[in-house]
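Data first, discussion second: the structure below is written as structure tokens.
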Amino acid sequence: MEASYQVLEQLYKKMLLGGPLEKESQEYAFYLNLPFSAQDLSTSDFLKWPCVHHGNQASSVNIDATPTPVASMNLKMNFQVSNPRDIMLLQLTVIKMMLTKILSKKMEFSIKEKYSDIIEILLKPYELESKLIGTFHGSDKLLSHMAAKCLASLLYLQLREKAIVNKTWTSFCLKTLSDYPESNTISYCLWTLTAVIKEILKATCLQKAEILKQFLTSFDFLFEVFYCSVFSQHFENYQDMSLNPKVTNFLICFLELLEILIASRIHLKLYFTCQRIFYLKIFCALDIITWPIHSLVKKQFIVLLKRCLLHKVGEDVLNTSLPTLAEQDPYLDMDMLTLGNAFLQAVNLGWLKQLSISGKPSHFGGSEVQPGNKSLVHDLIILRASSLVLLKSLEIKVHNCTSANEVKAELQKFMSGLLTFLKQHLQPSLKLHHHCEWISKIFIEQDDDMLEATKASLSIYLKFTRAWNEAAKGMTQEKETWDHQTHEHGFNPHCIFLFLLRNIGFDATVLLDFLISSETCFLEYFVRYLKLLQGEGHNFSNVCKLFDIAELRDGVHIFSIVTSRVEERSNNQATHHPLFCGTNHYALLPLASDPTAFGTNTEQKDKQIVKSKQSNLRIDNTSSPGTSQSLVDYDSSEDSEEESVEEKCLSNIKQTSLNLQDITEIRETISVTGEKNQSYLESTAKLLDPKESSNRSSFGCQAATKSTAYQTVISCKTLKCLKELERAISRLHRRHLFPYNPSALLKLLKHIDAINKNK
């Protein structure tokens with residue numbers, strides 16, 4: 001046994017160095033032959049495995065070189081060979097390395113040919129694939145896993161080099177899928193299938209679509225039956241399934257296989273049943289959230305749903321972006337609609353209420369909540385994923401609606417349910433004070449999902465606006481009612497955009513990072529929003545005015561135009577009482593996210609808000625305001641001909657005749673008592689309510705008159721940010737440093753700036 005180990009060790013070292021093998025292939029194959037049958041792999045017979053090969057071949061095999069005393073010493077110190085398990089692990093390791101080197105393009109042809117001869121000998125006389133499959137029946141998980149890795153590489157090698165599917169493997173796969181759930185090797189079968197498909201997708205050969213087609217054909221007809229049987233096993237009838245590693249491992253392997261099958265559909269444009277089954281029969285799988293299984297499985301399932309709806313399946317697995325192919329998937333729209341409708345149907349039946357999002361939080365570095373901390377912790381990964389799945393499903397549903405009333409009914413039903421769900425599960429620190437704030441609150445740590453949700457909400461808004469305009473035919477009262485509902489249901493695009501800008505501190509470099517990055521859909525969203533902004537300047541101004549009212553009420557004026565005298569007076573005023581925006585006119589008024597920060601120094605507080613928000617955003621360190629630097633160092637001479645946007649903003653504020661006494665009166669009026677604050681909110685909300693236009697109080701008119709003095713504060717800061725972004729893009733484009741042609745984007749930004757100047 002020790003002599004066999006030394007031979008294998010020397011072979012392993014030669015392969016690491018990439019040197020040629022001097023001896024005959026038959027001799028190396030003899031020592032790489034797995035001497036164990038499936039019957040020998042039981043736990044009781046494990047220690048009785050044979051230590052040497054049978055027959056007289058061992059005496060005829062010469063070791064390439066006698067081990068040196070140092071090598072023998074290291075062998076005894078590090079390995080201490082006492083049973084054939086160590087030999088078998090080394091055999092599997094060498095076989096896996098040999099298969100990898102055969103598949104590599106960097107190996108010399110002569111060496112690769114030698115390795116191929118050894119593998120052929122292991123396959124034909126020694127039945128390597130049968131012995132690898134037989135290892136799955138043993139209780140040693142490490143041996144089984146190494147055997148699965150070898151088998152996956154072997155199957156892919158045969159597919160790529162000879163365009164054949166191993167018959168022994170095919171028979172095993174079909175039998176295992178048919179025998180589920182009685183089969184004990186199902187997890188290894190699924191894992192091997194997944195590994196082979198991954199290798200095919202990662203390949204650079206042009207015929208990989210044909211290779212995968214041949215591979216999937218062998219078991220495609222059986223996979224639908226297997227899929228349905230998995231989700232009809234009624235695991236909910238079992239107890240402590242979350243503690244059963246076998247069930248957990250099987251379900252994880254199954255979900256990974258589903259993901260790689262869908263990814264192969266996207267990347268290679270194949271449409272087998274096994275690649276579409278998750279879309280077509282998703283409803284029977286949604287009950288998985290009620291099963292007493294490990295939370296990791298539920299999380300993986302919901303994330304897979306999200307990736308399917310975002311058309312991003314396989315990006316993490318394959319470490320590659322979605323391919324751009326001219327050929328369109330003929331079934332994609334139908335499958336996406338089926339998936340979205342099934343999910344919304346489940347939500348309508350109480351799916352969100354059954355979803356458990358409490359548990360151990362996910363911390364960077366793997367830390368957990370201390371045992372003494374008994375506070376309820378919610379899993380934001382599941383919260384974000386489930387919210388985005390609902391929003392994307394609703395987007396698909398809305399775009400297939402034919403009337404404004406149908407769209408309105410869908411929005412009222414599902415958006416109100418989503419906001420109620422979020423209100424119940426968000427931590428106090430993430431409490432919503434405006435319905436449109438929900439995207440910024442729950443997605444602040446996941447900017448790619450945040451922008452996907454933002455884009456989806458904008459798409460819903462555009463669809464509903466078109467449908468509503470066609471139905472209302474320009475009626476002002478109907479349009480105002482629609483504006484109220486966009487706030488009430490939490491998808492007003494102007495509110496969402498302003499919350500996004502506020503979270504990044506109105507830093508144009510962050511927007512520039514988003515535009516340059518290929519990891520988000522910000523460019524698509526941003527272009528669509530700028531086009532919308534061109535035609536909805538009035539709505540944008542109204543939203544900005546409401547933001548300014550909330551900022552002033554909470555002592556968070558954006559520009560430092562309030563002197564210390566006003567700040568001292570505001571410090572003595574009573575704090576406001578934050579209200580959650582319900583289904584009334586309060587939904588029009590954004591409330592500050594920090595209700596305890598009334599009357600603080602405005603400049604210092606603004607810096608604190610920017611710092612705290614940006615610390616949670618996944619952006620470059622160069623994007624933090626105050627200490628930020630441009631993405632590219634520009635010459636100051638290029639700015640000499642351009643007028644400062646900040647000076648323009650300040651001059652616009654001066655032209656409104658804003659004085660300290662006006663601000664003081666506004667602050668005093670807002671903050672005297674809770675009762676007067678309530679009255680003020682009502683009157684402010686009525687400013688945009690045509691039903692109450694005839695009953696405006698004198699205070700409401702006074703506030704409307706004074707609002708002209710400060711309604712440009714947040715809008716001016718927004719336009720300043722957009723102007724800075726335009727300048728940065730122009731500079732990069734002039735120096736040919738921008739990754740794509742931004743001409744259309746620059747045209748939109750300049751048009752927005754021109755509209756603002758005309759006003």
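The values are calculated or read from the model by the stated rules, or taken from the named source; none is laboratory data. It should be emphasised that the depicted structure is a prediction, and the values quoted were computed from it without experimental measurement. All Cβ positions, glycine included, derive from the backbone under ideal geometry; neighbour counts span all protein chains shown.
Return the residues of segment 414-468 that are under 17 Å from W482 (Cβ atoms) and out of contact with any Pro (no Cβ under 9 Å at 6 or more places or on another chain); say none if nothing qualifies.
Correct list: M415, S416, H435, S459, I460, K463, F464, T465, R466, A467, W468.
Are there any pairs, at least 6 apart or on different chains, whose C-beta atoms fall under 7 Å, with the first in segment 170-198 and in contact (Cβ under 8 Å) with a residue 12 or more places away in the chain and over 13 Å from F136 (Cβ atoms) and the second outside any helix (DSSP H, G or I) and aromatic (F, W, Y), and if so, which?
So the pair list comes out as L174/F219; L177/F219.
Which pairs have Cβ atoms under 8 Å, sit 6 or more apart or on different chains, and link a residue in segment 207-230 that is more than 24 Å from R160 (Cα to Cα) to one that is part of a loop (DSSP other than H, G, I, E, B)?
E224/K281; F226/Y180; Y227/K281; C228/K281; S229/Y180; S229/P181; V230/Y180
Looking at segment 731-759, I want the residues that are more than 14 Å from F526 (Cα to Cα) and have a partner that is hydroxyl-bearing (S, T, Y) and surrounded by fewer than 18 Cβ atoms within 10 Å (Cβ to Cβ) with Cβ atoms under 6 Å, at least 6 apart or on another chain. Which pairs are those?
Pairs found: R731/Y634.
Quick grid of which residues meet (1) basic (K, R); (2) at pLDDT 85 or above; (3) under 19 Å from T420 (Cβ atoms):
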residue	(1), (2), (3)
H433	no, no, yes
C436	no, yes, yes
S440	no, yes, yes
K463	yes, yes, no
Q485	no, no, yes
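Does I95 count as closer than 25 Å to E127 by Cα, in contact with a Lys or Arg (Cβ under 7 Å, 6 or more places away or on another chain), assigned to a helix (DSSP H, G or I) and at pLDDT 90 or above?
Here the answer is no, as I95 does not meet what is asked.
Quick check on my filter: what residues within segment 429-470 are part of a loop (DSSP other than H, G, I, E, B) and closer than 22 Å to L309 by Cβ?
F443, I444, E445, Q446
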